[in-house]
There are 2 protein chains.
Amino acid sequence: MTQNRWITLAHGNGGRFMRELIDDVFARHLGNPDLDVQADAVSLHLQGDLLFTTDGFTVQPLEFPGGDIGCLAVHGTVNDLAVAGALPRYLSLSAVIEEGLEFDVLQRIVASLAKAAKDAQVQIVAGDTKVVPRGQGGGLYLTTTGIGVRASDNEFGMNRIQVGDCLLVSGPVGDHGIAVMLAREEFGLRGDLQSDCACVLPLTRALLDKPGLKFMRDPTRGGLATVAYEISRATGWRVRLSESAIPVHDPVRSVCEMLGYDPYYLACEGRVVAVVASDQAERLLACWRDLPQGARAACIGRIEEGPSPAVVLETELGGERFLEELEDDPLPRIC
Amino acid sequence: MTQNRWITLAHGNGGRFMRELIDDVFARHLGNPDLDVQADAVSLHLQGDLLFTTDGFTVQPLEFPGGDIGCLAVHGTVNDLAVAGALPRYLSLSAVIEEGLEFDVLQRIVASLAKAAKDAQVQIVAGDTKVVPRGQGGGLYLTTTGIGVRASDNEFGMNRIQVGDCLLVSGPVGDHGIAVMLAREEFGLRGDLQSDCACVLPLTRALLDKPGLKFMRDPTRGGLATVAYEISRATGWRVRLSESAIPVHDPVRSVCEMLGYDPYYLACEGRVVAVVASDQAERLLACWRDLPQGARAACIGRIEEGPSPAVVLETELGGERFLEELEDDPLPRIC
């Protein structure tokens, strides 16, 4: 066991300290028979149609109510595979650690990461660590890359979307964005709001083989409005959203009103937006509402003819406003 | 085309600037029909026994004689697959970009990365970008994750190594370490030495199906001495190296003597160390010497009985010294 309390540059040099860092922190928590820390590359045992994705994580602070960068790094990549219709199987993990990070913090984050991987039934089979000098990193940056196996013959994607289709969201939006923001000391605000950071596999599995499913995406950076904008841009149709139908937790709404944020642009880390055929919308919504993760799922809008790209929000007062493509950054480093 | 000259935080927010960054820089250079920047995950077309690896890159400076962080990020992961006996097929790329990085620098690095991928015949099919505030990154950190297909039935690995086996190296050691060090302004030294940063696939392919091949590894962080130490540690035998046999370029030797570095601990980024059966060593060495990358390949040592882990260097003067496991970091952030 290493006697250091903080990460030093020597933990990144390929020698003894790096080996101890890997043994004492990463292999200890992630320990599985397939994690060969000696190997240059590992064998995968896979059959079927494979899906592949990668994501970097730079969230600040590293730990926040409801999660931390470790579980976020697992959920983020698992969720990207899930909304693409895959069953996630293997992850790789690359960590860029800043000199001076406390070992205790790293231990907690890697333990959280390992638990998230176990819960999602994915194995972390390859890894790498680098150490950068103090002042050249935000404590810890993680990249996870995932491989999954296509779990359904139901072909879906943006190209299946048609005029008249409905938009569903699996739960309230903006929790992750506001939870991370409140955790930043500079705001001087505290609340009991938790990030929605979670694995969305139960939600995606519930719809995967159902007729009428056209498209799924998890609204992370840029939030619900950005997913809606991407749909409009890719399809050439307008997206119409109904403000009164979009679930938003009361504390999120309060903070947004106080600080002038728009909850529709805030990141979620455990929600799914689905586009579905209108005649199946009630049935698919019911599938989500049967799950604890989907209790507050709602039908929030539809695809319509009209100049694109454009996202129209019907306000609660009966007016209309356009949700523009995100330009300035309301909350940097949210994931 | 974006009008910004430098990266701003808004380039990481999931909105318009991020889309332009991806379109104008990443998709422009990496453009291939399989790179769907809209998709959450991409389909892979693969058959056979798959190998998987990941590596993070934090080299400083971002550009150095003979390479840059872009081609290094491709070669590093391609080479890890190559020494494991795979034909690399697909890469993912995650970039953490520091606010204030010049677009011109990023363009050059991504162009170099794209060229390296093309030369190695791997496709970059998934990617992610994040932007961190000024002062919280070293300009650019990259992570690449690779998938390859096992290219030989010849089973090799550390467990195949036996007493009497020979160690081969494909070329002079320490070039990358010294080239990067000289590129750091603080040293005030300049030389015409280039990094050896290159794809090692021609070298690994040349040995892959040959009888007598036991193990291959590319000596990156920690250099030749660290690979030798890892072999000793894993096998329980000693590694004996002959100083007079180890190829080292003259300028590398001069700088090492001047600054007190040991070239055997310096990173290479385009060399391979192979452990081979002694009765096949001459034949396998000849295979390497037939290649331009292997012109200076040499047999540099052997596996012997003795207390382990230990690496013994027979010096040119006929003495012996132990190459200890690396503890302090001679040159941080070399890859």
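Points worth noting:
- Per-residue mean of foreign Cβ neighbours for A:120-133 is 4 (Cβ atoms of other chains, 10 Å radius).
- Ordering of A:57-68, B:251-262, A:260-271 by packing [mean C-beta count within 10 Å, highest first]: A:260-271, A:57-68, B:251-262
- Using the alpha-carbon positions of the protein assembly as shown, Rg (one decimal) and Dmax (whole number) come out as 25.9, 91 Å.
- Ranked B:249, A:11, criterion: other C-beta atoms within 10 Å, fewest first: B:249, A:11
- Among the trypsin sites (Lys or Arg not before Pro) within the range A:1-103, those in coil by DSSP and having at most 12 neighbouring Cβ atoms inside 10 Å are A:5.
- Centre-to-centre separation between the Cα atoms of the range B:265-335 and those of the range A:100-176: 39 Å.
- Look at the stretch B:220-230: the mean tally of other chain Cβ atoms within 10 Å of its residues' Cβ atoms is 3.
- Convex hull projection area averaged over all views, the range A:158-322, Cα basis, nm²: 9.4
- For the peptide A:4-16, the mean number of other protein chain Cβ atoms found within 10 angstrom of a residue's Cβ is 6.
- Cβ-vector label at 7 Å, residue B:20, separations to other copies in nm: 4.9
- Once you reduce the range B:194-228 and the range B:53-87 to the center of their Cα atoms, the two points are 13 Å from each other.
- Relative contact order of the range A:158-322, pairs being alpha-carbon contacts under 8 Å that are 6 or more residues apart, as %: 42
- Comparing the range A:9-150 with the 2.2 N^0.38 Å rule of thumb, its C-alpha radius of gyration ratio is 1.02 (two decimals).
- Under Karplus coefficients 6.51, -1.76 and 1.60, residue-wise ³J(HN,Hα) of the range B:304-313 in Hz, glycine/proline x: 9, 5, x, x, 9, x, 7, 10, 9, 9
- Averaging the sequence gap over all C-alpha pairs within less than 8 Å and six or more residues apart, then dividing by the number of residues, gives the range B:90-225 a relative contact order of 28 percent.
- Working note: Cα atoms of the range B:68-139, range along each principal axis, descending, whole Å: 41, 19, 19.
- A protection proxy built from the mean count of other Cβ atoms within 10 Å ranks the segments A:117-125, B:41-49, B:218-226, most packed first, as B:218-226, A:117-125, B:41-49.
- Using alpha-carbon coordinates, inclination of helix A:223-235 to the longest axis of chain A, degrees: 60
- Database remark: amide H of residue A:270 closer than 5 angstrom to the amide H of A:198 (H placed geometrically; neighbours at sequence offset of 5 or more, or on other chains; Pro and chain starts carry no H).
- With contacts taken as Cα pairs under 8 Å at a separation of at least 6 residues, chain B carries a relative contact order of 22 percent.
- Each principal axis of chain A carries a Cα extent, and these read 64, 51, 33 Å when sorted largest first.
- FRET efficiency, 1/(1 + (r/R0)^6) with R0 45 Å, evaluated for residue A:4 and residue A:210 via beta carbons: 0.30
The numbers here are math on the coordinates, done by the rules we state, and not lab data. As the structure is a prediction and not an experimental result, all values here were calculated from the model. Positions of Cβ are backbone-derived with ideal geometry, glycine not excepted, and every protein chain shown enters the neighbour counts.
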